[in-house]
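**Q** Once you've had a glance at the structure underneath, I'll fire off some questions.
What follows is calculated from the coordinates using simple rules that are stated; it is not laboratory data. Only a predicted model underlies this, so the values are computations on that prediction, with no experimental measurement involved. Don't worry about glycine lacking a Cβ; one is built from the backbone with ideal geometry, like all the others, and counts go over all protein chains shown.
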């Protein structure tokens, strides 16, 4: 079983690249908002504990399945030990079942992320982003509070790649990932 973790800042294109990668592989997409949106709808706010617990169930069940693999998207705050631990737990779960884990970090500039923040695909799949002003404010705030791009050499995973997808179509990024990791 394979797990591709696509990481990157808000509106960098994680979900869109994941959608394209799913089209050209046998991987299933589990983008982060698939758990965020229902929890916000049920609780009326972002409940991180509930989101984490729901994700854990999905990861455990998927790791027990006979499916080829999963793409998971995640906004990793590299300066937060809890995010490192969350990724470690997911990785350990899949590796314990004999799975292989691949890490793809997407990066682009803030101007491009603000443009992508209002794309039709993003708004269709992420109800909480439809409040454009609020979404833009969160994007700016997250940039101020967290470090959402890795330092050079910080990611020491065997299967890791960093892609500046500023001027690269999601379909092309998906092909690069597929070919690099022989998916």
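**Q** Can you compute the modelled spin-label distance between residue 120 and residue 164, with each label point 7 Å from Cα toward Cβ, in nm?
**A** Going by the 7 Å Cα→Cβ label model, 3.0 nm.
**Q** Given a 10 angstrom Cα cut-off, can you work out which residue in 90, 71, 40 is the most mobile in a GNM of the chain?
**A** 40
**Q** May I ask you to derive the relative contact order of region 1-52, considering only C-alpha pairs under 8 Å and at least 6 residues apart, and to give it as an integer percent?
**A** After rounding, I find 20 percent.
**Q** Normalised by the residues of the chain, what does the relative contact order come to in percent, with Cα pairs under 8 Å and at least six apart?
**A** 36 percent
**Q** How high is the relative contact order of region 82-183, given as a whole-number percent (alpha carbon pairs under 8 Å, six or more residues apart)?
**A** This gives 38 percent for region 82-183.
**Q** Between residue 141 and residue 84, what FRET efficiency comes out of the Förster formula 1/(1 + (r/R0)^6) with R0 = 25 Å and r the beta carbon distance, rounded to 0.05?
**A** Efficiency computed from Cβ-Cβ geometry: 0.70.
**Q** Continuing with the same structure: Rounded to the nearest 500 deg cm²/dmol, what is the calculated helix-only ellipticity per residue at 222 nm for the chain, with -39500 (n - 2.57) per DSSP H run of length n ≥ 4?
**A** Dividing the helical sum by the residues of the chain leaves -16000 deg cm²/dmol.
**Q** Which of 145, 58, 39 moves most in a GNM of the chain, Cα contacts under 10 Å?
**A** 145
**Q** Let me ask something else about it. To the nearest whole percent, what portion of all C-alpha pairs in the chain is separated by more than 21 angstrom?
**A** The share of Cα pairs beyond 21 Å in the chain comes to 48 percent.
**Q** Among 150, 52, which comes first, then next, by fewest other beta-carbon atoms within 10 Å?
**A** Listed from fewest to most nearby Cβ atoms, that is 52, 150.
**Q** Running a GNM on the chain with Cα contacts under 10 Å, which residue among 73, 119, 16 ends up with the highest mean-square fluctuation?
**A** The residue that fluctuates most here is 119.
**Q** If you don't mind, there's one more thing I want to ask. Which percent, to the nearest 5, of DSSP beta bridges fully inside region 2-177 are antiparallel?
**A** Here the share of antiparallel DSSP bridges comes out near 0 percent.
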